[in-house]
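Here the structure comes first, spelled out in structure tokens, and everything after it is commentary.
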Amino acid sequence: MQYTVTGRHLTVGTELREHVEERLESAVGKFELRPTEAIAILSRETHEFTSEITVRLSSGISVQSKASSSDVFSAFDDGCEKVEKQLRRYKRRLKNHHRERTAPVEFHEAPTFVLESSEDQPEDEEPETLQPVVIAEMETRIPTLSVGEAVLQLELADAPVLVFNNDAHGGVNVVYRRDDRNIGWIAPNSGKK
């Protein structure tokens, strides 16, 4: 597994780096999930330390956590416990409900755009054009997953929405968390033409 340990507004020393790598190896290793990459970002803001941890598995699933504490080691350990809990839940679901994926998840690159908000414009004023103003362009990766894997990824990442290519028919689908905390699934055309 490849480790990336980064510090923001703090220096990551040898002791902290070794603690992060050993703790992540211990937390992830016990589940035998073939992790490929672990990223730990440790930051300091005035009196508090924050850790953001991302673990990517060869199956394409990513697990993320964020924790804060007055001590950098405690902040990381709290975040690592959250990752461990998510991996345990993922492993349990794999065992009970899902087939184990034999091939790695495929990803397709897609452009992502950030559009300017219209909140700054007064309500009584008409916009000059109906074309939105693009303020940023980026690339994003869209995974090819089954609907069950997409729902699991949505829950593990605690994200509001996930866009994915459906494994069954290759079409673009969306799963999202509804206001009633249930999960919605959008499957346009379901691959039929």
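The values are calculated or read from the model by the stated rules, or taken from the named source; none is laboratory data. Just so you know, these numbers come straight off a predicted model, no measurement behind them. We place every Cβ from the backbone using ideal geometry, glycine too, and count neighbours over all the protein chains shown.
What to note about this one:
- Count of region 26-56 residues, restricted to those that are in a loop (DSSP other than H, G, I, E, B), of a type in the set (Lys, Arg) and closer than 15 Å to Ser68 by Cα, is 0.
- The set of residues from region 48-74 being over 17 Å from Thr4 (Cβ atoms) and at pLDDT 90 or above comprises Glu48, Phe49, Ala67, Ser68, Ser69, Ser70, Asp71, Phe73, Ser74.
- Qualifying residue in region 1-13 (condition: more than 19 Å from Leu156 (Cα to Cα) and either aromatic (Phe, Trp, Tyr) or in contact with a Gly (Cβ under 7 Å, 6 or more places away or on another chain) (or both)): yes
- Looking only at residues in region 38-83 that are within 15 Å of the chain's Cα centre (by Cα) and among the charged types (D, E, K, R), the one that is farthest from Ile142 (Cα to Cα) is Lys82.
- Residues that are surrounded by 17 or more Cβ atoms within 10 Å (Cβ to Cβ) and small (Gly, Ala, Ser) within region 8-55 comprise Ala27, Ala38, Ala40, Ser43, Ser51, listed in sequence order.
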